[in-house]
């Protein structure tokens, strides 16, 4: 059987079998890269979490928390570089902890207070984790089952958030883009960037340079350019090598992010770090458009471990015998962009400077779940 | 029976019923019916041998999971019980497996053909299915291939099969260098027109029927494709195997047979991929190459860090280094690029590991050098040992200071003693049934593994490598120096093979194979071979005599001959010899009893039976051989009629298109004919004169016609 032993689920119950089936199917899909991209993975994880929470039965909320952590661990192990699953699980955990906390306040749940409270709890926890579990244990009877609808509702809101991300970010685009500006985007696979530009084109006239993103996303880049052109934007595809050369004429660089790390850096498709570096050299502003769900509480202590290495065959033609036999080739599919190379993050809850990201992270995650 | 996906079905209800109709099935052939992986396959089936620390069959099943297959039948032959147990315990039998798995035991099958006939008998196949061998590693986007196949099927109702091939280059490391296939394709439609295997004993050229050139506009002859044995087959293929029960090999017999047969009118297409990876672990050379491909991530996303097995915990480090959890590395050891190290393995001080795979629970001592090697699970390598470009199987011990030189295979349970040197290309096993008898093995092997060692030389090794040196040259200018040393070493290891199940194959057969494929053979083997040939001659003549006297159908006679040929494993030359001898016995019997004169006797017999030769004579060399046999035969006959009979026979061959004119001319000018007696030459000379004149006339006429 699956090495996942969840206390809140039993193998005897039929609906539980179903959820086990779904978990394992999802894990193998992650492993096979059948689901990729933070949007799709985030969505799928959130849906799975809804089903999981609705199937789970618990007498103590802590058992649900530990089960969720275990589930998160497994999802992360299945594809350690698809950060969206870990993020979603952490978001849900934070949500549950907030609910518990809210109940602890005996219903004096006040919006202004709760937004600052995670920070306080986490500081508090540093010193006295034990106390807290006793505290929650006291609330056990009260908080047990009636939390379920709140949690599910919370996850539903999360799903809504992901679904509407493009809309809420794109709303800000008009303020960010000037008339007759030349923009450069090295991330053609980002739906958020596409919507951002499309929306702006309704009110502004500008042109966009799209990098070819060889070798992994060349086709996607072509499709992306077509979509932009269809929306009436003047679009040019440029080779990756000429990014530096055109930078002097570019007004803004717009990048998408796969995940935003707690230090304000981000992980994105390969080729973006080069564009950001060039932009920095030319003092060109770099805008990173991203949903809050892509925030991750991780720090890039070991950048290498965050970067997925893809198909070598895309760089070297496999039928080229001499290359295959004699040359060692690596094809990293992600890039790490340091915080100093990004000027502003445009998120669905507003624009933030990279140095402020840590604060957003604290708002959205509870620090005891950073390591699942 | 694995559990069915009942949950799913309940939910879908009626929809599931409907889907039942279009379930996509796959047949996995786990047995290769070869013994290229001996001595390892003596203990374990090939598909369970580890490739980069995961059983080979996992890669195939992983592909089937992404290909959207609904039902998988795993056909097991040798070590079927082991495969069955493995599948039962694996994640593929769980309820959340993307397909249902069923193992089909077919222990009697001796070839792919037998397995297919077994499938047909069991009636498992309902619609188009995927036929794949259990050793395929691929990441192709199968939906595209399947769609192309379905579209072709609509266009061409007679298409029965699509072969998926990967474009490479002819000497590519991942392409098998044993019997590589040559595909002749119609450029416009990707239809396969001909298939030939470049075997060791075949001529270095391929004869193409000129008619083929008329049929299609552009054809391409390709010797650069990796045949990974992924075939989409229509449901009547098992039945075709049933009808033609002499088909054994999927390519050599079936594809070739279908394509050369005019009666069936079936077509076979190819799908050539050049953007994704596909190959097949056929022999040690491809084992090495594919391991390297997987480690260098050409097979992405099927890489070690995808953790194909649930229990695996590989993670990636730059430079293509993969490590599982709980690996203990000493401070001063050097793990160089392209290395895979399994769980609970310990690597000692000053040890260097380069381009190698190390399994689980291995203990590697201090100052060991491991280069380009595959160390499986539970291996102990003591201090100062050196292992280069070799495979070291599970549960083996390499003692202190031992040296395993390039190309060696150390099979399960072997112990290499202290300070011993295992020479190049040695195969060691502890299975006592397969020792080289000629050697005084006890002593020589003991000398090899040392007094504290355990293991003997697997008997094929030394003969094979010699054998292969020659084959090299015969394949034509294979420049060993151009290949890097490891590949060439593994290349030497490759074992040529016959279509015999790797199960309980009697030793005698292995021996015979050397005699047929190798030029340098010990005399003792030859006598063996001669016995076999004599048996065949007697049997074949009896069978043909029966056919002549009882006036059997031609097809039946041909089939009997073919069956005999395969049962005795003799070449076509012997078949021709037997046929000619029998036919001429009959002719001379007719002449001697004054039933007919020489001419009409020859014509009567040959006009009745000449179609036999169409199944024995394939190219010009065969034709020449046939004429030579006739000549030899006539020299043994009563002189009075021999020359005449010979002439009429050759005429009949010419008239019936058994032998081409050019071949006759060539033969006429050969030394053998010149050495024959005067009368024969005189008679033949007249006819050949006529032939040459007639030919020029007729060719003029023909050109006029056009």
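Laboratory data are not the source of any read-out in this text; all were calculated from the coordinates shown. No experiment lies behind these values; they were computed from the predicted model shown. Here the Cβ positions follow ideal geometry from the backbone for every residue, glycine too, while neighbour counts run over all protein chains shown.
Residues B:297, A:32, A:163 in ascending order of nearby Cβ atoms (within 10 Å, fewest first): A:163, A:32, B:297.
Listed from fewest to most Cβ neighbours within 10 Å, the set A:333, B:345, A:211 follows the order A:333, B:345, A:211.
Using Cβ counts within 10 Å as a stand-in for footprinting exposure, how do A:345, A:244, B:86 rank, fewest first? It would help to have the intermediate numbers written out before the result.
Working: A:345 26, A:244 14, B:86 21.
Going from least to most buried by this count: A:244, B:86, A:345.
Using C-alpha pairs under 8 Å with a sequence gap of at least 6, the mean separation divided by the residue count of segment B:310-461 gives a relative contact order of 12 percent.
Starting from the alpha-carbon convex hull of segment A:166-364, give the projected area averaged over all orientations, in nm². Its average projected convex-hull area is 11.5 nm².
Hey, could you get me the Stokes-Einstein D for segment B:523-705, Kirkwood radius over alpha-carbon pairs, 25 °C and 0.890 mPa s, rounded to whole µm² s⁻¹?
Details: Rh = 17.3 Å.
Roughly 142 µm²/s, to the nearest whole number.
In this simple spin-label approximation, residue B:534 and residue A:283 carry label points 7 Å from Cα along the Cα→Cβ vector, and these lie 10.2 nm apart. Histogrammed with a bin width of 10 Å, the alpha carbon distances of segment B:227-354 distribute as 10, 29, 22, 16, 13, 8, 2, 0 percent, first bin at zero. Only Cα sites of segment B:310-461 enter the Debye sum here, all with the same form factor; the resulting log10 I(q)/I(0) across q = 0.08, 0.16 1/Å is -0.22, -0.78, listed in q order.
What share of the DSSP beta bridges in segment B:310-461 is antiparallel, in percent to the nearest 5? Please report the intermediate quantities before stating the final value.
Details: 7 of 42 bridges.
Within segment B:310-461, antiparallel bridges account for around 15 percent of the total.
The value of relative contact order for segment A:185-311, using C-alpha pairs under 8 Å at least six residues apart, is 25 percent.
Per residue, what volume in Å³ does the convex hull of the Cα atoms of segment B:241-308 enclose?
Working: hull volume 9.5 nm³, N = 68.
For segment B:241-308, the hull spanned by Cα atoms encloses 140 Å³ per residue.
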